[in-house]
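Student: One structure, as structure tokens, below. Some questions next.
The values are calculated or read from the model by the stated rules, or taken from the named source; none is laboratory data. The model shown is predicted, which means the values in this text are computed figures rather than measured ones. Neighbour counts are summed over all protein chains in view; Cβ atoms, including those assigned to glycine, are modelled from backbone coordinates with ideal geometry.
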């Protein structure tokens, strides 16, 4: 898969039990990857207050506000899967994809995510994946050509 999402930023069993904890978990992965400054995590909460980042089919994609662009050091993604559904403003979420975008290089990965999560069979494969490699393989098989 493209460099924006590598095995180091894929967590097959996240620890969060609430939406806020999940945002912090995803934000922490982006910070530790060197993609964002810590202030970006707070901007992820600001974005969530403006509009929910719940996307449907058990997926949320938290990201910062436009005002926080100066805290993005480089584009990056992380993926955290949860063993139990999280309550995301009344919606069930099992997968959180955190995003930091410095330019347009994240768009191909977002297209892959959209294609995976628009197909409930693929969503189930994401939920059932036994390893990080298996999880990544679901996204890598998407042909964007």
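Yes or no, residue by residue, for (1) in contact (Cβ under 8 Å) with a residue 12 or more places away in the chain; (2) in contact with a helix residue (DSSP H, G or I) (Cβ under 6 Å, 6 or more places away or on another chain); (3) closer than 20 Å to residue 29 by Cα:
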site	(1), (2), (3)
87	yes, no, no
92	yes, no, no
98	yes, yes, yes
119	no, no, no
128	no, no, no
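Student: Taking residue 110 as meeting all but one of (1) under 26 Å from residue 18 (Cα atoms); (2) at pLDDT below 95; (3) under 12 Å from the mean Cα position of the chain (by Cα); (4) buried (at least 17 other Cβ atoms within 10 Å of the Cβ), write down the number of the exception.
Tutor: (4)
Student: Suppose we filter the stretch 55-73 for residues that are more than 20 Å from residue 135 (Cα to Cα) and crowded, with 16+ Cβ neighbours inside 10 Å; how many remain?
Tutor: Number of matching residues: 7.
Student: So which pairs qualify, if the first residue must be in the stretch 130-145 and under 19 Å from residue 82 (Cβ atoms), the second must be at pLDDT 85 or above and assigned to a loop (DSSP other than H, G, I, E, B), the Cβ gap must be under 9 Å, and the two must be at least 6 apart or on different chains?
Tutor: What qualifies is 130/12; 131/12; 132/12; 134/12; 135/12; 135/129; 136/129; 138/129.
Student: Now a separate question. Kindly indicate whether residue 48 is at pLDDT 95 or above, within 17 Å of the chain's Cα centre (by Cα) and part of a strand (DSSP E or B).
Tutor: no
Condition check ((1) farther than 11 Å from residue 96 by Cα; (2) free of Cβ contacts under 8 Å to residues at least 40 places away in the same chain; (3) touching a strand residue (DSSP E or B) at 6+ places or on another chain (Cβ under 9 Å); (4) assigned to a helix (DSSP H, G or I)) across all residues:
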position: 14; (1), (2), (3), (4): no, no, yes, no
position: 17; (1), (2), (3), (4): yes, no, yes, no
position: 22; (1), (2), (3), (4): no, no, yes, yes
position: 27; (1), (2), (3), (4): no, no, yes, yes
position: 40; (1), (2), (3), (4): yes, no, yes, yes
position: 44; (1), (2), (3), (4): yes, no, yes, yes
position: 52; (1), (2), (3), (4): yes, yes, yes, no
